[in-house]
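Working notes for the structure below.
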Amino acid sequence: MTARRKSHGGQEVRFQIEGPKATRAIVVNVERKSRGGGTAVTRDAESRLQEAVGLAQAIDLEIVGELTAVIAAPRPATLLGEGKVAEIGKLREETGADLIVVNAQIAPIQQRNLEKAWDAKVLDRTGLILEIFGRRAQTREGTLQVELAHLQYQKSRLVRSWTHLERQRGGFGFLGGPGESQLEADRRLIDERIKRIERQLESVVKTRTLHRKGRARVPYPVVALVGYTNAGKSTLFNTLTAADVLAKDLLFATLDPTMRVIALPHGRKVILSDTVGFISDLPTSLVAAFRATLEEVIGADLILHVRDISHPESDAQAQDVSRVLQDLGIGEERAERIIEVWNKADLLDTEARAMREAQAHRHENLVLVSALTREGLPRLLSMVEDRLGAENEVYQIFLDPGDGEGQAWLHDRGEVLARETYPDGRVRLTVRLAQDRAGQAQARFGRAMRMDVDLSAAAE
């Protein structure tokens with residue numbers, strides 16, 4: 001059952017007073033008040049609150065209360081003012097919440113004081129995201145990266161107050177993970193564990209580098225999917241590759257990178273890579289911890305920035321993704337490597353759809369698609385093909401009637417744009433080739449290969 005009442009400032013607070021006995025949580029979104037009296041945010045406060053609720057639900061918390069707290073300035077001891085702390089404490093008593101999720105970055109001393117005031121476990125935004133990462137990581141690398149980020153996050157919190165330690169219930173801060181022994185360790189043991197994980201990650205990174213070098217010898221270009229969490233990257237990945245990557249309406253449904261080979265319209269093969277979703281206010285430490293995973297993005301030949309164009313905060317989400325890409329060293333000077341994929345076109349109403357279609361047709365690096373209905377995907381693949389082949393040369397190659405092996409070689413290593421068969425059985429292929437492949441083709445086909453200057457001269 002859901003009830004409503006007014007807070008001290010007249011704000012409506014929603015809370016649930018009945019429900020199954022589970023891990024109950026109250027979500028508190030913190031907004032800064034601007035000098036003009038409004039809230040100094042680029043996003044709508046309600047949207048930020050609902051995003052925080054979505055993050056909490058991603059680890060199966062039962063949300064029994066949600067509210068936004070507007071502060072003029074953060075209090076050093078508790079972040080929030082006394083009145084708001086008391087109000088949330090009363091709400092916790094009414095709902096029986098075990099956990100308070102604060103959608104902000106809070107210092108260890110603030111976390112400890114709030115836990116004392118509310119007699120409940122407190123998680124800030126970083127801790128909550130780490131919990132989700134801990135649930136989602138599947139590979140050895142992902143698990144190590146999560147544990148490293150968590151140990152670095154907990155390091156000061158574990159050694160400053162044994163009172164705070166008593167509230168740790170094992171695992172990554174609250175709900176499962178490496179075990180209570182990690183959380184009871186002193187600074188020396190934590191430092192040793194961090195060093196051990198870093199050494200293990202170095203080994204994993206070396207392995208990944210070898211794999212990347214192996215792919216470079218193929219070589220297939222790498223096309224990386226990036227975007228705000230829940231933008232539909234995994235659904236798009238599954239549609240294009242016929243894979244079965246987890247694609248649910250959950251924040252951070254995908255954490256570990258997944259790669260598949262796909263063929264573009266003219267046969268050229270590329271490696272498509274699905275990556276972890278980005279999010280607003282993603283702590284720098286988390287970006288650093290997952291840098292090895294995100295190296296697939298850094299080294300990609302082309303980046304597809306997938307946006308949920310139906311989301312009311314789509315523009316703000318795009319800015320958050322751009323900031324993370326800049327942190328990774330992918331700035332405006334490399335913007336030519338990025339294609340914006342406006343996903344979830346099927347969720348737009350008629351007016352919004354017409355506006356977005358007009359915008360998409362005015363920009364050569366933008367395409368409107370629906371990963372569910374496959375609308376716009378042929379145009380997307382053609383754009384990828386054109387962008388990857390922009391610096392490649394086009395050649396005409398003439399093959400004898402029985403040279404099926406030569407035809408297969410060209411289809412595998414180049415982009416076959418056109419094919420013509422002459423009465424005597426000879427075949428002319430118009431092929432786009434990368435520079436290194438053109439050299440190999442020249443050595444293989446010799447005088448039967450020429451630059452594509454005049455197609456009418458083919459039969460000479």
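The values are calculated or read from the model by the stated rules, or taken from the named source; none is laboratory data. Computed from a predicted model, the values in this text were never measured in an experiment. Here the Cβ positions follow ideal geometry from the backbone for every residue, glycine too, while neighbour counts run over all protein chains shown.
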Original post:
Can you tell me which residues in segment 395-423 are modelled with pLDDT of 85 or more, under 16 Å from Gly439 (Cα atoms), in a strand (DSSP E or B) and not aromatic (Phe, Trp, Tyr)?
Top reply: Gln396, Ile397
Original post:
Does Ala390 count as part of a loop (DSSP other than H, G, I, E, B), under 30 Å from Ala443 (Cβ atoms) and within 18 Å of the chain's Cα centre (by Cα)?
Top reply: no
Subject >> Residue identified as at pLDDT 80 or above, of a type outside the set (Phe, Trp, Tyr) and crowded, with 19+ Cβ neighbours inside 10 Å among His361, His305 >> reply: His305
Original post:
Can we say Gln105 is in contact with an Asp or Glu (Cβ under 8 Å, 6 or more places away or on another chain), surrounded by fewer than 20 Cβ atoms within 10 Å (Cβ to Cβ) and in the same structural domain as Pro76 (by TED's automatic domain parsing)?
Top reply: yes
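For (1) crowded, with 19+ Cβ neighbours inside 10 Å; (2) at pLDDT 90 or above; (3) in a loop (DSSP other than H, G, I, E, B); (4) assigned by TED's automatic domain parsing to the domain that holds Ser280, each residue gets a yes or a no:
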site: Ala25; (1), (2), (3), (4): yes, yes, no, no
site: Val28; (1), (2), (3), (4): yes, yes, no, no
site: Val41; (1), (2), (3), (4): no, no, yes, no
site: Gly54; (1), (2), (3), (4): no, no, no, no
